[in-house]
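To start, the structure itself, in structure tokens.
Read-outs throughout are calculated quantities, based only on the coordinates presented, and are distinct from any laboratory measurement. What you are looking at is a predicted structure, and each value in this text was computed from that prediction instead of being measured. Every residue, glycine as well, gets a Cβ built from its backbone with ideal geometry; the counts of neighbours run over all protein chains shown.
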Amino acid sequence: MLGALLYLRLTSARNWAKSRLRRLRQPKYLVGAIVGCAYFYFFFFRHLGRQPTRRLPDGAVLDATHAALPTEWLPVTTALGAVGFLILLALIWLVPSQRAALGFTEAEIAFLFPAPITRRALIHFRLLSSQLRSLVGAAVMMLFSNRWAVLGGNAVTHAIGWWFIFSSLNLHFSGASFTLTRLADLGWSVWRRRLLVFAAFATVVAVSIHRLPPEAAASESHAPGDLRAITAWVVTLAETAPLAWLLVPVHAVLGPFLAIDTRHFLLALGPALGVVILHYLWVVRSAVAFEDSAIAQAQQRSARLAAWREGRSRRTATTRSRRDPFALAATGRPELAFLWKNLLSTWPYFRLRVFLVAAAILTAGCVWLHRQPTAAPFLAGVGVLAVSLGAYLLILGPQFARQDIRSDLGHADVLRVYPLRGWQIILGELLTPVCILTAVVWLTLLVGALCFWPSTTSAPWLSLPVRVTASLGLALITPALVALQLLVPNAAALLFPAWFQATRSRGGGPEVVGQRMIFVFAQIVAMALALLPAAALAAVIIAVGQWLWGTAVAVGFASVGTLVLLVGEVGGGVWFLGTRFERLDLSAEPPPSA
Amino acid sequence: MIEVQGLTKRYGDFPAVRELSFAVRPGEVLGLVGPNGAGKTSTLRCLAGIIPASDGTIRIAGHELAIDPVSAKRALAFFPDEPRLFEYLTVRQHLNFVARIYGVRDHETIARPLLEEFEILDKADQLPGELSRGMKQKLAIACGLLHQPQVLFFDEPLTGLDPLGIRRMKNSIIRRARAGATIVLSSHLLHLLEEVCTHVLILKKGEKIADGTLAEVAQRFSNGESGVNLEEIFLRATGGSED
């Protein structure tokens, strides 16, 4: 039976690889693959043959020519890694509230559950699947860790080390979920179990701290801000029983990965393998009925996947209904209906009321900071941080705020039946992300304007009138800037729907990475080109206007001029995308069903 | 009123619909039948303005779809086989949204009887995720009927409905046709077409094999026999296979 399951897994993997290779015939995948492969080569594979900069020999002094971490950091890394690993394991016991499900897909459930296969064989099938994932994960992580100079070993030992880490985590997760399900069947409530597990971990840590050698306790208490003292304390704690006993299997699993050379690696293999085998036996022997929860989990996962593929959020259809963001009258501009609809699709705090409250709180906070003598040195920093955040949101916001045509492409056939021109649909769809991003950027501008208060000696030209005019001017052009930014990914979705859909395909691969990189690059270039005329106009108005009317007035005129130009660009873009939407052949992607 | 002249739909080089011409008058129900891949859904989607026709003209309620799509769409409603709903809008919010799109002033007075007719009034504040497949279908139909369209396109309208829902749907189609609506429906359920349709159009490989009233089409393929049902007609017209 396991042979059949292995056949299914391997054949699926082979066909997946074949289909990936076959689709390289399409330029969109081929170009993406070339860019993606180039990225992987230059950032990872190029370094594979080289040894990372070695750690310094004992007694050597770390200088600028040795970009490696010193040898004495290894125990710290090991201790921190082991503690981190232990915390992860603790979470595996604390967090779950569902019954064991093992993560079968709907297809696997449809074919395997009614088949004459024992439960144990099904578990083996899942373990086999997770092993394949662990291998891929190990290969990917090796590309990163191979460049970490603090580690010893080489690419092979890193890859095998990662495999031990992933495998044991995977097995531990399965074993723990079976055990937790058994406890639940025995009448243990979720919170009772959490409380006991937490208490057990806390007791182990508390007893270990209590048993710490006096010198370690002293170093911790006498040097609260010293990082070295803290790390030394963590190392000593990790070596103190009973925490040290709990960390024995963790150290065993981490051993191959942290081995400094081949000899240490070979020595570490045995204990690591032992832990993995013990985990395997635990999983197989503790198996419980998982079919019901597997079906429920598979349905949830496929709903999430479908939503993700359609560009929707991860929220599933089980989300609670929401109150209307505003009263939608039956008549009026139909574009507002899209704003109303898309606001319903997003977080409920994207509302005017919340924005006003946030603005009031931020204003009060900034005024309070101004009145604190000790806070004065930080004000400029806060201001710069706020403006930087605003700029970041302006550039990357459209990647997060996707409540526009990108999210509704799955409903394009429904939208096409509406008695609206294409530009109306595009404009309506753009309104929600424009409103959301504008509101957030306005808040950052508000904080920036209130905090960023350079002295008249450092920037004499930045007078109060100029600052106020500049802030208001930026606020004025923000909606147009945001709309322009949003037009680029929306244009990509409409002009290259095949590319857009491809970037939403799952499973990664160099071609998908490459496609995403091309999209980001195209967005930056398109925005630069779109902003060039507006920036040039603003520069000319300010350059000429400051002699005629003074800087503040010139900045005001420049803002208005920029706004007019940007609105013109946005209008043209919306109209163009509208015509594209009207002509969008929905039958081209996906293939015709009729 | 639907007037179709020389409708052609190509996917690349593949012709899904070829030179299709027909007309459906108010009060008539045209059944679109054909084997899988005959071009039924492509035809319906072209008629509803969802996908552009490669060639030919389509007039809906006097408006040419290619020239004045907004006026044409204001008069029509399309009901896909799979209800396409916005997962985060409740039943009531769906109707609210559609009312604004179509500018239906007194939508609440229209919506209530619709919800009652489709027995989803008590689900008004629920999200699509909380509805059964049949309920979702009913909501999609209620949304489509809200603006009281003159022309209705149904793609497999009975999919997912329970027996009572099927009966109500059939009655609803017949009642609307009697009230003067122009209806085109595509279905593989030939008994539905026999009960509901006044006319039938048989497609095969994108081409019209036959059209006319049920009696006319039956006569053409009956070979002199009497009492030949639509299933037999369909099999004879299409050669009994998808090829």
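So the values come out like this:
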| read-out | value |
| --- | --- |
| Order of B:Lys40, B:Lys208 - criterion: other Cβ atoms within 10 Å of each residue's Cβ, fewest first | B:Lys208, B:Lys40 |
| Cβ-derived FRET efficiency at R0 30 Å, A:His411 paired with B:Thr213, nearest 0.05 | 0.25 |
| Theoretical FRET efficiency, 1/(1+(r/R0)^6), r = Cβ-Cβ of A:Phe40 and A:Leu529, R0 41 Å, to 0.05 | 0.90 |
| Residue among B:Glu19, B:Glu116, B:Glu156 with the largest mean-square fluctuation in a Gaussian network model of chain B, springs linking Cα atoms under 10 Å | B:Glu116 |
| Extension gain (nm, one decimal) between A:Leu462 and A:Arg119, 0.36 nm per residue minus Cα-Cα | 116.1 nm |
| Helix-only mean residue ellipticity at 222 nm for the protein assembly as shown, each DSSP H run of n ≥ 4 adding -39500 (n - 2.57), per residue, nearest 500 | -21000 deg cm²/dmol |
| Paramagnetic label zone (point 7 Å from Cα along Cα-to-C-beta, A:Ala358; backbone N under 18 Å) in region A:373-412 | A:383-404 |
| Cβ-Cβ FRET estimate between B:Arg112 and A:Ser97, R0 fixed at 56 Å, reported to 0.05 | 0.85 |
| Square roots of five times the Cα gyration tensor eigenvalues for chain B, Å | 31, 21, 16 |
| Cβ-based net charge around A:Arg193, under 14 Å, with every Lys or Arg adding one and every Asp or Glu removing one | +3 |
| Likely footprinting exposure, A:Tyr29, A:Tyr280, A:Tyr7, fewest C-beta neighbours within 10 Å first | A:Tyr7, A:Tyr280, A:Tyr29 |
| Gain in span if fully extended, A:Trp347 to A:His264, counting 0.36 nm per residue against the direct Cα distance | 24.7 nm |
| Chain lengthening between A:Ala391 and A:Trp575 when straightened (0.36 nm per residue, less Cα-Cα) | 63.6 nm |
| Neighbourhood net charge (10 Å Cβ-Cβ; Lys/Arg +1, Asp/Glu -1) for B:Ser42 | +4 |
| Shielding by partners, peptide B:120-132 (average Cβ within 10 angstrom, other chains) | 2 |
| Net charge over other residues, Cβ less than 13 angstrom from the Cβ of A:Arg323 (K, R count +1; D, E count -1) | +3 |
| Shape of region B:122-216, Cα gyration tensor, a/c cut at 1.5 | prolate |
| Overall form of region A:313-583 per C-alpha gyration tensor (a/c, 1.5; a/b vs b/c) | prolate |
| B:Thr182 long-range amide H proximity, modeled H, under 5 Å | B:Gly27, B:Val151, B:Leu152 |
| For the protein assembly as shown: rounded, prolate or oblate by the Cα gyration tensor [a/c cutoff 1.5] | oblate |
| Chain B: most fluctuating residue of B:Phe97, B:Phe22, B:Phe153 per GNM, C-alpha cutoff 10 Å | B:Phe97 |
